[in-house]
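Working notes for the structure below.
The values are calculated or read from the model by the stated rules, or taken from the named source; none is laboratory data. Only a predicted model underlies this, so the values are computations on that prediction, with no experimental measurement involved. Every residue, glycine as well, gets a Cβ built from its backbone with ideal geometry; the counts of neighbours run over all protein chains shown.
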Amino acid sequence: MNTTQRKHHCVIGWRAPVLGGVCLVALISFGWTWALAQPPEAESAPAPTNSVAVKAKVPEAKKPLLKRQITGAELYSINCNRCHQERYPTERTGAQWKTIMLHMQARANIPAKQAKLILQYLQENSGR
Amino acid sequence: MKTTTKARCWTLGLAVAGCAMGMSLPPRAVAEVSDADFNALKETVQKLSEELHGLERTNAVAAQVHQRDQEQIRQLQQKLAETQQLATNTEQRIVEAAQTQPIPRQPIDEATVNHNFMILGDAEVQYAKTSGQHGAFLLADFAPIFLYRAGDNILFEAGFDTTLQNGSSEGTTTNASGQTVMTPGTHDSGASASFDLSFAQLDYVMNDYLTFMAGDLLLPLGTYSERSAGWLNEIPDDPLAVGLVPGAGVGAQLQGAVPLGDSGSFVNYQVYGVNGPSSSNGTGNPDALDLGGNVGLRSDNTVANLHGQPSGGARLGVFLPFPYKPHYDLEVGISGQSGEWDDAGNHLWSAGVLDAALHLGPYFETKGEYVMTRFGSDSGQIHQQGWWVQTGYKLAGLDLEMPVVNNVELVGRYDSLHDGLGTSTQRYTLGFIYYITNTLLVEGDYEFLHSTDPSQANQLLLQLSLGF
């Protein structure tokens with residue numbers, strides 16, 4: 001590696017990650033600030049998605065989200081949508097959802113109590 | 001005298017008899033019947049005669065009705081007999097069938113079944129066109145995940161990756177002097193399939209806050225290795241920086257999560273020990289670093305770690321859904337791993353990863369990782385680093401009420417890699433996803449590369465992905 005290449009490498013070496021980190025932090029900060037600045041929604045129903053979970057289990061209206069226990073349907077929508085498109089509860093049987101939730105509890109490392117609420121919701125709305 | 005008396009007696013007797021007969025016989029009717037009375041009597045007789053004829057006709061009709069009723073009753077009785085015979089035959093057949101066939105099993109409540117086996121996974125077909133090369137259908141990938149649940153808290157899971165490729169990357173020919181030489185750009189006849197074990201691990205949920213895992217683990221260095229399936233990753237190929245850290249390792253892990261309040265927030269942790277990276281040739285040369293080749297069983301069937309000490313690692317993460325804002329959440333994590341890598345145990349390999357993901361509603365997502373590794377070598381300390389940030393926006397958020405547009409997501413990614421061995425690469429990727437269904441999607445991307453490695457070039461990627 002000659003001097004020019006080493007110098008080029010050094011410049012890229014500190015500039016790129018710092019620039020990227022700044023952009024990432026700025027983006028996250030903007031999103032967080034903007035989201036918090038929004039007024040609370042009149043109803044705590046989840047935003048529209050392709051999930052029948054949201055359509056099937058609309059939380060009770062006129063109750064602030066923080067004032068009550070979050071439901072299995074909401075946890076399902078929040079957690080599953082982080083990594084993939086939501087699957088319809090009717091796609092699997094109750095026994096299959098039990099297996100899948102054990103798998104996802106380990107894979108996504110979500111709390112056991114939340115996993116149980118999600119499983120309860122999925123089994124109540126499962127295909128069989 | 002006597003004769004006189006006798007005659008007198010006969011005379012008296014006759015007189016008494018005549019008186020008696022006169023008293024007993026009715027007096028003679030002497031009244032005469034008038035014409036009017038006779039005519040009235042005649043009319044009465046005629047009326048009675050007509051009524052008698054009417055009754056006779058009515059009786060004849062009633063007799064006909066009765067005859068028809070009798071016929072209907074006879075037919076109904078015949079049909080009833082046939083129906084009773086049919087019912088009897090059917091009942092006999094049911095009894096015979098019940099005697100010859102087993103009683104059907106009652107369906108069970110599947111949710112209570114304590115053992116269950118199922119297959120999840122994904123499959124992809126990819127087309128690639130690299131600048132300056134022929135385009136080709138690059139990949140036929142089938143990646144099943146087998147899940148076996150043995151109870152409420154024990155799960156075995158294994159993921160495989162099966163891909164098809166040409167018979168060999170290079171072919172051989174015999175030259176004029178009889179020597180066998182390699183001929184780049186050709187290949188042996190036929191094709192071969194690679195079958196790789198991506199992970200195979202046993203998960204035991206010990207309690208609500210602790211899960212034990214052992215086997216070939218997906219390592220939590222960042223989150224990408226756990227979310228890299230073809231239909232999960234929104235761009236067909238992996239970020240460059242992901243290659244700086246191992247995706248899996250053989251060892252054991254403890255993990256758990258603690259909820260923060262009732263809003264869905266939580267903190268999670270993972271602590272693990274694995275064999276760690278190794279040297280491909282046993283030396284400490286920097287280009288001999290092998291991130292995935294130390295599985296505890298050598299090619300000569302010797303069971304041993306390739307170096308003296310295993311590696312240890314951990315990740316700490318936090319997931320924060322925004323208050324009052326469903327589908328708005330932030331996930332941040334920090335992770336690292338360190339351990340020996342060369343056979344002599346003279347050099348350490350260490351890595352640190354920062355990961356973050358942000359969702360602003362169901363339509364917008366951005367995520368990224370910063371990866372840094374340091375390892376000692378016979379040539380000195382090697383510093384590697386890379387990072388990537390990826391953003392996607394689903395056009396359904398524009399609420400255009402257009403079916404095709406509503407199924408499209410636009411994606412973009414920037415990633416960078418400095419391998420510490422003289423190669424630096426920056427890559428800009430723009431693309432789209434078309435969701436045919438929620439698990440079947442078409443991905444298309446164009447990648448602009450700027451690299452000190454002249455073999456790297458821009459490329460087009462098209463992929464059909466299915467998650468199941």
Residue match in region B:232-246 (condition: within 11 Å of another protein chain (Cβ to nearest Cβ), in contact with a strand residue (DSSP E or B) (Cβ under 8 Å, 6 or more places away or on another chain), touching a residue at least 24 places away in the same chain (Cβ under 8 Å) and more than 17 Å from residue B:350 (Cα to Cα)): yes
Region B:194-250: number of residues that are β-branched (Val, Ile, Thr) and outside any strand (DSSP E or B): 4
Members of region B:100-136 that are modelled with pLDDT of 90 or more, small (Gly, Ala, Ser) and touching a Gly at 6+ places or on another chain (Cβ under 9 Å): B:121, B:123, B:128
Unmet criterion (only one of (1) over 21 Å from residue A:77 (Cα atoms); (2) within 12 Å of another protein chain (Cβ to nearest Cβ); (3) in contact with a helix residue (DSSP H, G or I) (Cβ under 8 Å, 6 or more places away or on another chain); (4) not aliphatic (A, V, I, L, M)) for residue B:269: (3)
Matching option when the condition is out of contact with any Asp or Glu (no Cβ under 8 Å at 6 or more places or on another chain) and modelled with pLDDT of 95 or more, among B:444, B:431: B:444
Residue list for region A:110-128, restricted to those being surrounded by fewer than 20 Cβ atoms within 10 Å (Cβ to Cβ), touching a Pro at 6+ places or on another chain (Cβ under 7 Å) and either outside the structural domain of residue A:81 (by TED's automatic domain parsing) or touching a residue at least 40 places away in the same chain (Cβ under 8 Å) (or both): A:125
Qualifying residues in region B:266-300 (those that are more than 41 Å from the chain's Cα centre (by Cα) and assigned to a loop (DSSP other than H, G, I, E, B)) - the one surrounded by the most Cβ atoms within 10 Å (Cβ to Cβ): B:284
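Of B:185, B:190, B:167, which residue is modelled with pLDDT of 70 or more and closer than 17 Å to residue B:137 by Cα? Working first, answer last.
Details: B:185 fails: modelled with pLDDT of 70 or more; B:167 fails: modelled with pLDDT of 70 or more.
B:190 is the lone residue from the list that is modelled with pLDDT of 70 or more and closer than 17 Å to residue B:137 by Cα.
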Given (1) facing chain A (nearest Cβ under 9 Å); (2) over 19 Å from residue B:223 (Cα atoms), number of the condition residue B:402 does not satisfy: (1)
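Only one of these is out of contact with any Gly (no Cβ under 9 Å at 6 or more places or on another chain) and either buried (at least 16 other Cβ atoms within 10 Å of the Cβ) or of a type in the set (Val, Ile, Thr) (or both): B:354, B:395, B:330. Name it.
Exactly one of B:354, B:395, B:330 is out of contact with any Gly (no Cβ under 9 Å at 6 or more places or on another chain) and either buried (at least 16 other Cβ atoms within 10 Å of the Cβ) or of a type in the set (Val, Ile, Thr) (or both), namely B:395.
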Matching option when the condition is touching a Ser or Thr at 6+ places or on another chain (Cβ under 7 Å), more than 9 Å from chain A (Cβ to nearest Cβ) and more than 29 Å from residue A:108 (Cα to Cα), among B:445, B:419, B:453: B:453
